Structures are given as C-alpha cells and as structure tokens.
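What follows is a set of notes on a single structure, which appears directly below.
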Amino acid sequence: MKRILTGVALVTTAALVTATPALAAAPKDPVVAVKKQLVAGKGVKFTERTTVDDGSMREVFLRRSGTLQFGKSGIAASDITGKLNISASDLQGLDESGENAELASMLKAMAQPERTIRIGTTSYLSGNIWALQMPEGKTWFKAPKGPTGGFLGTFGQPLNLAEPATLKTLLKGAKTTGSGYTGKTLLGDLWKTSPWLRATWLDKPSAKAQKTAISWRITVNKAGLPTRLVTTFPMAALGAGGKGTVSVDTSYTGWGSAVSIKAPPAEEVTSKFKDGEDDISETLDLPLGSIAG
C-alpha cells in the first residue's frame with residue numbers, strides 16, 4: 001500500500017508540474033546591462049532609418065549607420081554616416097543655369113553622404129553640404145563642441161540607449177512587453193537627461209516643443225542589452241511646421257566589440273571655410289520642413 005501511495009504521489013506531482021505554465025524569467029535591467037558595457041576601447045554599432053509622414057505620404061527620409069566608442073564614463077567618440085533618400089534620378093532635369101545654379105549645386109551636395117567623426121566634444125564634418133564650403137585640398141571641417149551627427153544628425157534618432165541615464169529616464173513608468181519595453185517620455189525630460197541629445201540638436205527646444213511626448217519601443221536581448229529602438233514624435237518637435245510625424249527605427253549590434261575611432265589626417269582638416277568663416281550655425285539651421293517638403 002505504501003508503494004502504491006508513493007506512486008500515486010509521484011504521478012500527481014508530475015501532472016501538476018506539466019500542467020503548470022513555466023514562469024517567464026524577469027528581464028534583466030537594461031540600465032545595469034548597458035553600464036557594464038562602458039569599458040574603454042569597447043563600443044556598439046547601429047543602423048537606422050528615419051521615416052516622415054506628412055499625412056498624405058509616408059516615405060524614408062534618411063538612413064544612417066555608425067559606431068559608438070565607450071570610455072569609463074560614457075560615450076567617448078563616434079563615427080556616423082548619414083544619407084538623405086535622394087537618388088540620381090531625383091536630380092535628373094535639374095536646372096543648373098543662372099539663378100538656379102546655387103540651388104542645384106546644394107541639392108547635388110545634399111544627395112551625397114555626410115560623415116561625422118566626433119572625439120570628446122570635437123566634431124569633424126565631411127561630405128554633403130560641407131563639401132561646398134571646404135577650401136581647396138581640404139575634406140574635413142573641425143568644429144569644437146560640434147554636433148554628434150553633423151547636419152543630418154538632427155533628423156536621426158534623438159534617443160541614445162548607450163546612455164544609462166537616458167535609459168533610466170525612459171524606463172520610468174514604462175510597460176514591459178514580451179521582448180522589451182514601451183512607453184512615452186517628454187522631450188523636455190530627455191533634454192535635461194541626455195548629453196547626446198543636447199550635443200546633437202545644439203539648440204534647446206522651445207518651451208512648447210519640450211512638452212512633446214516621444215513614443216518609443218525598445219527590444220532587448222537575453223542579457224538586457226538593447227537591440228532595437230523605434231521612436232515616433234511630431235515633426236514640430238524639430239522646429240518644423242505642419243502636422244506630420246517622424247519615426248526613427250534604430251538597430252544595435254556588436255555590444256562590447258573592440259572600437260578605435262581616430263581623427264582624420266591633419267592635412268585634410270580645416271578650421272575655416274573657404275570664405276574665411278568658422279561658424280557652422282547657419283548650415284545647421286535648416287528645419288526639416290525645408291528639405292522634407
């Protein structure tokens with residue numbers, strides 16, 4: 001009888017174990033996971049696309065790819081290339097004569113990639129509209145306290161998940177999904193938290209823009225490291241008119257890989273444009289609507 005009761009107990013226990021759904025393991029904290037990645041000489045790569053929806057048409061506006069190099073306290077350097085969604089066919093039939101010559105030249109330049117190398121707070125800008133302003137023999141412009149992504153960086157991903165403080169701000173009140181997190185965060189809160197955003201946009205958003213909510217969705221891997229980030233926000237957040245929206249889809253790969261970003265060769269660098277000026281603010285001060293619409 002004792003053996004029978006023991007057998008029944010074992011069968012019953014096995015049945016209960018089989019019938020009970022496995023509890024999902026709690027996701028690892030992304031903030032902790034990213035902090036562990038902040039090792040000098042290590043980094044992460046990313047690719048992304050920016051899509052603009054003006055209500056009547058939705059299309060890819062910009063594609064970017066880049067590498068972030070870490071130091072012990074955060075992002076020490078970056079190398080980012082961006083290209084507007086302009087093809088050679090878009091430029092066919094362009095009037096390059098008379099009064100239109102300058103505009104045609106600018107549009108042709110804007111169809112080319114822009115590359116920005118940033119080391120510490122010094123940016124080196126090349127290609128795109130910068131090429132029009134370079135003195136002969138120079139291909140890079142050196143800008144102390146320059147932007148992270150040059151001219152096109154303003155239209156890229158405003159959130160940088162390699163910043164633990166930014167991640168922490170995002171995750172306040174966020175909802176957990178099967179593969180990560182989702183939520184909304186005010187632009188003003190991100191501006192206060194993120195050195196990357198401040199160095200990307202340079203100009204502080206208006207008081208009205210700071211009340212804009214950025215909707216976001218983060219996917220993480222088993223280690224808690226972000227693998228994808230999708231953000232959506234009103235075009236007005238960028239200082240552009242209209243009621244359109246901007247969506248930026250960023251993928252992260254190679255967390256912890258060896259990275260070494262260096263400044264361009266000194267002989268290719270200038271700190272003065274061909275007109276003798278060194279102020280990049282006018283070049284950067286082009287709202288999204290002027291080139292997206």
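Key figures for this structure:
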{"item": "Test: residue in the range 172-190 that is out of contact with any Ser or Thr (no Cβ under 9 Å at 6 or more places or on another chain) and among the basic types (Lys, Arg)", "result": "no"}
{"item": "From Ala165, Ala131, residue being aliphatic (A, V, I, L, M) and more than 25 Å from Lys208 (Cα to Cα)", "result": "Ala131"}
{"item": "Hey, Glu48 of a type outside the set (A, V, I, L, M) and within 17 Å of the chain's Cα centre (by Cα) or not", "result": "yes"}
{"item": "Test: residue in the range 28-49 that is buried (at least 17 other Cβ atoms within 10 Å of the Cβ) and either of a type in the set (S, T, N, Q) or at pLDDT below 95 (or both)", "result": "yes"}
{"item": "Only listed residue being within 17 Å of Thr182 (Cα to Cα), touching a residue at least 60 places away in the same chain (Cβ under 8 Å) and in a strand (DSSP E or B), chosen from Ser257, Ser251", "result": "Ser251"}
{"item": "In the range 127-158, the residues that are more than 16 Å from Glu277 (Cα to Cα) and among the small types (Gly, Ala, Ser)", "result": "Gly127, Gly137, Gly149, Gly150, Gly153, Gly156"}
{"item": "Yes/no for Thr219 being touching a Ser or Thr at 6+ places or on another chain (Cβ under 9 Å), more than 12 Å from Gln157 (Cα to Cα) and touching a residue at least 24 places away in the same chain (Cβ under 8 Å)", "result": "yes"}
{"item": "Ile86 under 21 Å from the mean Cα position of the chain (by Cα), in a strand (DSSP E or B), among the hydrophobic types (A, V, I, L, M, F, W, C) and at pLDDT 85 or above", "result": "no"}
{"item": "Residues that are among the aliphatic types (A, V, I, L, M) and free of Cβ contacts under 8 Å to residues at least 12 places away in the same chain, drawn from the range 26-61", "result": "Ala26, Met57"}
{"item": "Given (1) more than 27 Å from Thr116 (Cβ to Cβ); (2) in contact (Cβ under 8 Å) with a residue 40 or more places away in the chain; (3) among the polar types (S, T, N, Q), index of the condition Thr182 fails", "result": "(2)"}
{"item": "Counted residues, the range 70-87 - those being among the hydroxyl-bearing types (Ser, Thr, Tyr) and either within 23 Å of Trp140 (Cα to Cα) or surrounded by 16 or more Cβ atoms within 10 Å (Cβ to Cβ) (or both)", "result": "2"}
{"item": "Unique residue being of a type in the set (Val, Ile, Thr), in contact (Cβ under 8 Å) with a residue 24 or more places away in the chain and under 21 Å from Pro30 (Cβ atoms) when the list is Ile129, Ile75, Ile117, Ile80", "result": "Ile75"}
{"item": "Single match in Ser56, Ser65 (criterion: hydroxyl-bearing (Ser, Thr, Tyr) and either loosely packed, with under 13 Cβ neighbours inside 10 Å or in a loop (DSSP other than H, G, I, E, B) (or both))", "result": "Ser56"}
{"item": "Subset of the range 102-117 [buried (at least 18 other Cβ atoms within 10 Å of the Cβ) and over 17 Å from Phe155 (Cβ atoms)]", "result": "Ile117"}
{"item": "Of residues in the range 111-138 being assigned to a loop (DSSP other than H, G, I, E, B) and touching a Gly at 6+ places or on another chain (Cβ under 6 Å), the one modelled with the lowest pLDDT", "result": "Gln112"}
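The values are calculated or read from the model by the stated rules, or taken from the named source; none is laboratory data. For clarity, every value in this text was computed on a predicted model and none was experimentally measured. In this analysis, Cβ positions are derived from the backbone assuming ideal geometry, glycine residues included, and neighbour counts consider all displayed protein chains.
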